[in-house]
Amino acid sequence: MTSSTPRLYALSAAALLALTLAAPAAQAFSDDEARRAILELRTQIKQLNDQNQQARLQLADQMDLLHQEIASLRGRIEELSQRASSGGGNGDNAPKTPQTGDPQEQAAYEAAADQYRNGRYKEAASGFSTFLQSYPDSSLAGDAMFYLGSSQYASKDFKNSIQTMQSLVKNRPDDPRAPDALLVVAADQIELNDMKGAKASLQRIIKDYPGSASAETAKSRLKLL
């Protein structure tokens, strides 16, 4: 054995001791890092849970408002129907008795109007559609289109109701029922979850028919959307 061998053993022993002492320190450092990471993760999870809870509450409030809006617009259609059934041709929103010289035209309109008054909306829609095909230039074509669209809405045929009412407004923008037709369009769009379209329809009423009762209704509806 050379003279350097004891020194080699001494250095090896020192290195081994250093590693032995360093291991617990490294372990302790690793544990501290892990604890901090766990605490940070818990904090982040809590924040996310709080945010999710707040979002759920906001969504619930929005859904409640939308349900109120849909119920209100449905009530508008029911009001039209009730006036039609109770007022006959006297109410502004009741299907009017045509004053024409054509008995067949009068009979066709009245047949559809009777179905509407009695709440048979699918039959009424079919009758008004047939009337418009047979008498497109009738003085009651505007009324027939309005009640066709209303019947389609009441029958949950929302897409066709939108087309009918938009056609009425496009072809007869000065018709006294045009702003009410746009209210029905907004109701259809809400039923189809097209909130952007519903807002546009309500804003159009306010812009194009500012003096109408429908414009005031549209303003209150917009506050709920």
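Observations
- In order along the stretch 127-134, phi translates into HN-Hα couplings of x, 5, 4, 5, 4, 5, 5, 7 Hz, rounded to whole numbers, per the Karplus curve 6.51 cos²θ - 1.76 cosθ + 1.60 with θ = phi - 60° and x for Gly and Pro.
- Modelled this way, with points 7 Å down the Cα-to-C-beta line, the labels at SER220 and ARG172 are 2.6 nm from one another.
- Pairs beyond 25 Å (Cα-Cα), from LYS46/LYS223; LYS122/LYS199; LYS46/LYS199; LYS170/LYS219: LYS46/LYS223; LYS122/LYS199; LYS46/LYS199
Read the figures in this text as sums done on the coordinates, not as results from a lab. Because the structure is a prediction, the values reported are computed rather than measured. Note: ideal-geometry Cβ built from the backbone for every residue, glycine included; neighbour counts use all protein chains shown.
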